[in-house]
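Trainee: My structure is below; once you've seen it, I'll send some questions.
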Amino acid sequence: MKNFSTRIGSLSKHALLSAATLALVGMAPLAAQASPDHGNRASHCGNCGTVISTHTYQQKADHGSGVGIATGAVIGGLLGNQVGHGNGRSLATVAGAVGGGYAGNEIEKRSNKKLMTQVRVRMSNGAVRSFTESGASRRHEGQQVRVINGHLG
């Protein structure tokens, strides 16, 4: 009887050890999910990336207010009126007004320049994207950034 009792005790120890092992193995995935992520979070972020370059430049205004065109046209027309006689003078006045209007508009657009910065970013998936921002560069090479609604956040 003692031999039988020893075998049952050995079996229950075996069963207990097996059950404990299975419980630990079953809990391993849960423990991995609960552990804090000390790795690079950017690799898990689909809209994150690293700044690879910045370029700041002056951009002339898209269009003038009309003051440059008007002023240029008047000055060009007056100067054109000083040239030639008869129909030649009329043609020179019109040409001066058109040329002056164009020149005045370009001068106005250049005087209303905006400072812009182009930022190139290597996204976490390896793609390179470019973003244009107003003003001086607020980014530096190697900086981690996130894209929010198509803009750098």
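The values are calculated or read from the model by the stated rules, or taken from the named source; none is laboratory data. Values in this document were obtained by computation on a predicted structure and should not be read as measured data. Cβ sites come from the backbone with ideal geometry, for glycine too, and all protein chains shown count toward neighbours.
Trainee: With (1) surrounded by fewer than 15 Cβ atoms within 10 Å (Cβ to Cβ); (2) at pLDDT 65 or above; (3) part of a helix (DSSP H, G or I) as the list, and GLN58 as the residue in question, which single condition is left unmet?
Mentor: The number of the failed condition is (3).
Trainee: Another question, then. Which one is farthest from GLY46 (Cα to Cα), of the residues in segment 115-153 that are free of Cβ contacts under 8 Å to residues at least 24 places away in the same chain and in a strand (DSSP E or B)?
Mentor: Applying the filter and picking the extreme gives SER134.
Here's the yes/no breakdown for (1) of a type in the set (A, V, I, L, M); (2) at pLDDT 80 or above; (3) under 17 Å from THR56 (Cα atoms):
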| position | (1), (2), (3) |
| --- | --- |
| ASN81 | no, no, no |
| GLY84 | no, no, no |
| GLY126 | no, yes, no |
| VAL145 | yes, yes, no |
